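Visitor: The structure is given below, and queries will be raised subsequently.
Bear in mind these aren't lab numbers, they're just calculated from the coordinates by the rules spelled out. Keep in mind that this is a model prediction, so the values were computed, not measured. Using ideal geometry, Cβ is built from the backbone for each residue, glycine included, and neighbour counts are taken over all protein chains shown.
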Ligand SMILES: Cc1cc2nc3c(=O)[nH]c(=O)nc-3n(C[C@H](O)[C@H](O)[C@H](O)COP(=O)(O)OP(=O)(O)OC[C@H]3O[C@@H](n4cnc5c(N)ncnc54)[C@H](O)[C@@H]3O)c2cc1C
C-alpha cells in the first residue's frame, strides 16, 4: 500500500486544487458539505447545473470520459484525486451521477454514432439530466424478470408497464429503459434497451414520499408511450448486454460510495453531550462503541487505499473493491443510530431544529437503509463475493433455459 501521490499525481492534484480554489469556496474546518437536505432548495437543480457547466467549460467535467466526448481521458486514480479535492469545497450536490457515471458510458459502448453525437455533450454539461428506468415492482435484484413491454410498430415502439424507485424522474429530460420485447425467449434474451423522452405523452410520474420527508425517487407509469426506433440502444432483444454495462458502471460509481461517516464529528458530540452532569465520553460503554466504530472505519479506509494503490499502479483492484458498500453502508447506519442515541430525547427531532448539526445525523440515519439496497442489496453483494471472489457454488437458478412466458409467477398480467 502506498499512501503518497506519485510526482504526476501531485501535479494533477495541484492543478485541480488551483482551479477549485479560484472557482469555489473552501469548506471551513468543521463545516459540512451540502447534504441531501440542500436538494429541498427550489434552486438546487439550477445551482447544480451552473456548477456543472462551469466545470465543463474548464475541462473538469466527467474527467474520465474520453476526450472525443468532452472528457479529459483521466485515469481512475486521477478521478479519485479530483473527487477528494472537490469534496473540500462548497459545491451543490451532484445530481448527474446516474447519467454521467452509468448511462453515458453505456451509450459510449452500445449507442449509435447519432446517439453519441446528440446526447453525450448535454449530459456532460448537466444541461440535460438523465434517469435509469430499470427496477419494477417485481424486478429489482432479479432485474431480468422485468415485465414492461415494447412492441414494434414500423419505425416506432409502443411501451407499456411500470417502473419504480426511479431516482430524479420528476426533473429528468431523458431516461434509459429496459423492456421485454420477446417473452418466448429466456428471460435475459428478450430484452431491448431504449432512450426515452421523459416528457412523452403517456408517461405518468408519481413521486414516492420517503421516511426522510423527501421524494428523491418515483413510480413511473408507461401507457402506450411511443419511442422512435433510432432511440434503441443496441440490437433488438440484446438489451441485457447494455444493461450489464450500466450495472457494472453503477457498481463502480457507487463502489465504496457509502464511504465512512465523519468519526471526528461523532467524537465531538460524545465530548460535548452531558450524561448525568458528565461528558458522555466518560462513560465506558460510549468509549467502547466509539473504539469499535473507529477500528471498522480504519479497516474500510485502508481497504480503500489498497484499491487506490492498485489504480495508481495501473492495476485492476482485487476483491477488496467488492466490500466497500457492504461494510460502509451498515457502519453509517450504526454510527448515525448511535449519534441519535447519544442525544437522548432530543435525538427524535429530525429537522433543522435538531439539537446538533442541523439534524445531519438524523438525516444520515433515515437515508441509510436506502444505501443498503441501491446498487445491489447487502445480500446480493454477499452472493457476488461468494460466487466471484470466493468461488463458492452458484445459486440454483430454477428458471434457467426456460422461456420467460413459462416462468411461474403470481403476476397474471
Ligand atoms: C436510494 C435508492 C435509489 C434507487 N434508484 C433507482 C433508480 O434510479 N433506478 C432504478 O431502476 N432503480 C433504483 N433503485 C432500486 C434498486 O435498484 C432496487 O431497490 C434494488 O435492485 C433491489 O431491488 P428490490 O427493491 O426490488 O428488492 P428485491 O430484489 O425484491 O429484494 C428484496 C429482499 O430480498 C433479498 N434478495 C433478493 N434476491 C436475493 C437472492 N438471490 N439472494 C438473497 N437475497 C435476495 C434482497 O437482498 C432484499 O433484502 C433505487 C433504490 C434505492 C434504495
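Visitor: Kindly state, to the nearest 0.05, the FRET efficiency for residue 355 paired with residue 209, given R0 = 35 Å and r defined as their beta-carbon distance.
Guide: 0.85
Visitor: A follow-up question, please. Take the alpha carbon atoms of segment 310-359, find their radius of gyration, then divide it by 2.2 N^0.38 Å using N residues; give the quotient.
Guide: Output field value: 1.79.
Visitor: Would you kindly work out the equivalent ellipsoid of segment 130-251 from its C-alpha gyration tensor and give its semi-axes, the square roots of five times the eigenvalues, largest first in whole Å?
Guide: 22, 17, 13
Visitor: What percent of all Cα-Cα pairs in segment 7-95 falls into each 10 Å bin, going from 0 up to the bin containing the maximum distance?
Guide: 16, 47, 32, 5, 0
Visitor: Helix-derived [θ] at 222 nm for the chain: sum -39500 (n - 2.57) over DSSP H runs of at least 4, divide by residue count, nearest 500?
Guide: -12000 deg cm²/dmol
Visitor: Run through all the Cα pairs of the chain and give the fraction in each 20 Å bin from 0, expressed as whole percent.
Guide: P(r) over the chain, rounded to whole percents: 23, 56, 20, 1.
Visitor: Explain nothing, just the number: relative contact order of segment 130-251, from Cα pairs under 8 Å at least 6 residues apart, as a whole percent.
Guide: Relative contact order, segment 130-251: 28 percent.
Visitor: Could you work out how far helix 324-342 tilts from the main Cα principal axis of the chain, as a 0 to 90 degree angle to the nearest 10?
Guide: 50
Visitor: Follow-up. Can you give the relative contact order of the chain as a percent, counting alpha carbon pairs under 8 Å and 6+ residues apart?
Guide: 13
Visitor: Tell me, how many Å apart are the Cα centres for segment 323-395 and for segment 215-240?
Guide: When both Cα centres are located, 31 Å separates them.
Visitor: I'd like to compare 79-91, 216-228: which one has the highest average count of other Cβ atoms within 10 Å, and what's the full order after that?
Guide: With the highest mean Cβ count within 10 Å placed first, the list reads 216-228, 79-91.
Visitor: Neighbouring Cβ atoms within 10 Å as the yardstick, rank 55, 116, 163, 67 fewest first.
Guide: Ranked by crowding around the Cβ, least crowded first: 67, 116, 55, 163.
Visitor: Given R₀ = 30 Å, what would the calculated FRET efficiency be for residue 141 paired with residue 230, taking r from the Cβ atoms and rounding to 0.05?
Guide: Once rounded, the FRET efficiency stands at 0.40.
Visitor: To continue, here is another question. Sequence gap at least 6, Cα distance under 8 Å: using those rules, report the relative contact order of segment 7-95 to the nearest whole percent.
Guide: 43
Visitor: Per-residue counts of other Cβ atoms within 10 Å, averaged by peptide: what ranking do you get for 129-138, 232-241, highest first?
Guide: Per-residue mean Cβ counts within 10 Å order the peptides as 129-138, 232-241.
Visitor: How long are the semi-axes of the equivalent ellipsoid of segment 255-376, taking √(5λ) for every eigenvalue λ of the Cα gyration tensor, in whole Å from largest down?
Guide: Three semi-axes, in Å: 30, 17, 10.
Visitor: Can I ask one more? Using only alpha-carbon positions, what ratio does the radius of gyration of segment 307-413 give when scaled by 2.2 N^0.38 Å?
Guide: Rg over 2.2 N^0.38 Å, computed on Cα atoms: 1.57.
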